[in-house]
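Comments concern the structure below.
The values are calculated or read from the model by the stated rules, or taken from the named source; none is laboratory data. Model, not experiment: these values are computed from the prediction. Reconstructed Cβ throughout: ideal geometry from the backbone, glycine too, with neighbour counts over all protein chains shown.
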Amino acid sequence: LSERLGGVFERLTKQGALSEDDVRTALREVRVALLEADVSLPVARDFVARVQEKATGQSVTRSVTPGQQVVKIVNDELTATLRGEGDPGALKIDSPPAPILMVGLQGGGKTTTTAKIAKRLAERERKRVLMASLDTNRPAAMEQLAILGQQIGVDTLPIVPGETPVQIARRAKAQAALAGYDVYMLDTAGRLSIDEELMAQVEAVRDVASPRETLLVVDGLTGQDAVTTAENFDERIGITGVVLTRMDGDGRGGAALSMRAVTGKPIRFVGTGEKLDALETFEPERIAGRILGMGDIVALVEKAQETIEAEQAERMMKRFQKGQFNMNDLRMQIEQMQKMGGMESVMGMMPGMAKMSKQVAEAGLDDRLLKRQLALISSMTKQERANPGILQASRKKRIARGAGLEVSQLNQLLKMHRQMSDMMKKMGRMKGGMLRQAMRG
Ligand code: GDP
Ligand code: MG
């Protein structure tokens with residue numbers, strides 16, 4: 001992807017802000033990359049639309065290319081989408097014995113993952129864990145779990161031939177309570193595909209155990225099928241999280257994005273091999289990097305941005321002290337405000353501005369206003385930006401029209417510029433570190 005984007009952007013002239021066309025061109029490639037990484041079409045489409053909106057108009061940091069900049073924006077949005085709420089690895093296993101129900105299709109990795117999670121709970125959290133196999137379908141399934149249990153030193157419920165899954169679940173529950181286990185894990189049977197018999201069985205088990213966690217285990221290599229499976233299980237059984245297995249393979253992790261976007265369920269763990277410690281807490285940054293395959297570009301852009309921001313702040317401060325504050329400065333301020341969570345919060349942080357911050361809040365000056373102001377500044381000429389004093393009626397009309405806004409709205413902006421300019425002068429004269437402090441937040 002990085003090469004492709006690089007190519008696209010070589011043809012673009014370097015300019016201050018990402019235009020809608022720049023972004024659109026780049027995102028066409030991003031969309032292809034997402035589809036190649038196994039992200040489903042509607043999810044990819046929706047995702048690209050969101051990035052398009054976020055990226056357009058963002059300024060390009062010096063020392064990185066627009067292509068790299070877009071990659072960074074894509075990466076941030078990917079990470080945000082992949083991240084669920086809370087700590088993915090923290091299972092709800094208070095009030096012992098806490099039941100964990102493991103569900104999924106046959107061959108997805110349920111039994112292996114049951115043992116992996118049990119091992120983790122036993123080793124890292126010092127929990128006493130009991131595992132029980134409810135798989136009465138496959139001949140050797142129960143023995144498989146018993147053998148894994150021996151390998152990791154975790155108890156398994158003794159096998160009683162002829163019991164139904166519901167009977168085994170009851171026995172596991174009773175045994176866990178009786179023997180003082182912290183957690184008991186129920187490893188259910190799977191099928192090759194979803195069918196009524198399987199669902200009814202899992203449902204009955206669920207009703208017996210009232211699990212604290214119901215984890216769906218799916219093969220991450222199966223892409224869209226994994227997402228459909230998750231939707232089905234969630235609808236019928238209700239799941240609290242997803243484990244994606246076989247993430248050690250050459251799959252590109254796209255299933256994770258679709259999974260999050262479609263089901264909204266948190267991905268808790270990823271399986272990264274057959275060994276019993278090959279289980280990792282889900283890390284959105286890592287999977288995002290894998291989908292895009294370009295973690296280092298992201299770090300580069302972040303670094304460049306930090307440096308530039310510090311340099312800008314220093315330069316601006318010197319100018320303010322000399323009483324210079326033009327539309328370019330105002331634009332930077334507005335962009336900073338957007339980044340820092342809007343005008344109200346920024347003004348609230350600046351000394352002596354608490355009152356103004358309240359007025360801002362009361363006047364309903366929100367992000368839309370900031371966007372309008374940026375549009376107005378964009379439609380000024382370079383000269384006008386450097387010296388807003390030259391703005392008479394005809395220029396004003398042109399600027400307002402260019403931004404699709406009213407002259408009165410431009411006048412508001414100019415008034416705000418004058419007020420801020422005055423204030424900057426005063427603060428500059430104070431010479432103290434106040435402005436510096438305020439600007440650095
Ligand atoms: P179940 O039918 O859902 O219980 O699936 P199993 O736990 O029996 O796993 C089926 C196969 O997948 C076994 O050979 C496992 O070793 C393998 N497996 C499970 N998880 C992973 C994983 O994360 N990576 C790899 N490479 N193999 C896995
Ligand atoms: Mg199994």
*Within region 277-332, how many residues turn out to be of a type in the set (Asp, Glu), out of contact with any strand residue (DSSP E or B) (no Cβ under 6 Å at 6 or more places or on another chain) and modelled with pLDDT of 85 or more?*
3
*Just checking, how many residues over region 200-230 are among the acidic types (Asp, Glu), more than 16 Å from ligand 2 (Cβ to nearest atom) and more than 19 Å from Leu41 (Cβ to Cβ)?*
3
*From Asp182, Asp187, Asp155, grab the single residue that is within 16 Å of ligand 2 (Cβ to nearest atom), among the charged types (D, E, K, R) and at pLDDT 95 or above.*
Asp187
*Of these, Gly86, Gly109, Gly104, which one is within 16 Å of ligand 1 (Cβ to nearest atom), out of contact with any Leu (no Cβ under 7 Å at 6 or more places or on another chain) and on the phi > 0 side of the Ramachandran plot?*
Gly109
*Exactly one of (1) buried (at least 17 other Cβ atoms within 10 Å of the Cβ); (2) within 26 Å of the chain's Cα centre (by Cα); (3) under 23 Å from Asp219 (Cβ atoms) is unmet by Gly89. Its number?*
(1)
*Report the residue count in region 95-145 for those that are under 22 Å from Arg236 (Cβ atoms) and β-branched (Val, Ile, Thr).*
6
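Only one of these is in contact with a Lys or Arg (Cβ under 9 Å, 6 or more places away or on another chain), surrounded by 15 or more Cβ atoms within 10 Å (Cβ to Cβ) and at pLDDT 85 or above: Arg395, Arg385. Name it.
Working: Arg395 fails: in contact with a Lys or Arg (Cβ under 9 Å, 6 or more places away or on another chain).
It is Arg385.
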*Using beta carbons and a limit of 8 Å, which pairs, at least six apart or on different chains, have the first residue in region 130-144 and within 9 Å of ligand 2 (Cβ to nearest atom) and the second one hydroxyl-bearing (Ser, Thr, Tyr) and in a loop (DSSP other than H, G, I, E, B)?*
Asp135/Thr188
_Condition check for Gly180: in contact with a Gly (Cβ under 8 Å, 6 or more places away or on another chain) and not charged (D, E, K, R)_ = no
*For the subset of region 201-228 comprising residues that are small (Gly, Ala, Ser) and modelled with pLDDT under 95, which member is surrounded by the most Cβ atoms within 10 Å (Cβ to Cβ)?*
Gly220
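I'd like to verify a number: residues in region 265-275 that are in contact (Cβ under 8 Å) with a residue 40 or more places away in the chain and either away from ligand 2 (no atom under 16 Å from the Cβ) or surrounded by fewer than 18 Cβ atoms within 10 Å (Cβ to Cβ) (or both), how many? Walk me through it before giving the result.
Just the residues of region 265-275 that are in contact (Cβ under 8 Å) with a residue 40 or more places away in the chain, to begin with: 265-271, 274.
Narrowing the set further to residues that are either away from ligand 2 (no atom under 16 Å from the Cβ) or surrounded by fewer than 18 Cβ atoms within 10 Å (Cβ to Cβ) (or both) leaves 265-270, 274.
Count: 7.
Tell me, please, whether a residue that is under 22 Å from the mean Cα position of the chain (by Cα), within 30 Å of Arg126 (Cα to Cα) and crowded, with 18+ Cβ neighbours inside 10 Å can be found in region 97-111.
Let us first name the residues in region 97-111 that are under 22 Å from the mean Cα position of the chain (by Cα), namely none.
For region 97-111, residues under 22 Å from the mean Cα position of the chain (by Cα), within 30 Å of Arg126 (Cα to Cα) and crowded, with 18+ Cβ neighbours inside 10 Å: absent.
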_Candidates Glu29, Glu125 - the one that is at pLDDT 90 or above, of a type in the set (Asp, Glu) and either touching a helix residue (DSSP H, G or I) at 6+ places or on another chain (Cβ under 6 Å) or assigned by TED's automatic domain parsing to the domain that holds Asp219 (or both)_ = Glu125
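Can you go through Glu163, Glu203, Glu196 and tell me which one is out of contact with any helix residue (DSSP H, G or I) (no Cβ under 6 Å at 6 or more places or on another chain), within 14 Å of Leu101 (Cβ to Cβ) and more than 13 Å from ligand 1 (Cβ to nearest atom)?
Working: Glu163 fails: within 14 Å of Leu101 (Cβ to Cβ); Glu196 fails: within 14 Å of Leu101 (Cβ to Cβ).
Residue meeting the stated conditions: Glu203.
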*Would you check which residues across region 147-160 are surrounded by fewer than 19 Cβ atoms within 10 Å (Cβ to Cβ) and either touching a residue at least 12 places away in the same chain (Cβ under 8 Å) or away from ligand 1 (no atom under 13 Å from the Cβ) (or both) and list them?*
Gln150, Gln151, Ile152, Gly153, Pro158, Ile159, Val160
_Among the numbered criteria (1) aliphatic (A, V, I, L, M); (2) in contact (Cβ under 8 Å) with a residue 60 or more places away in the chain; (3) farther than 18 Å from Asn328 by Cβ, which one does Ala393 miss?_
(2)
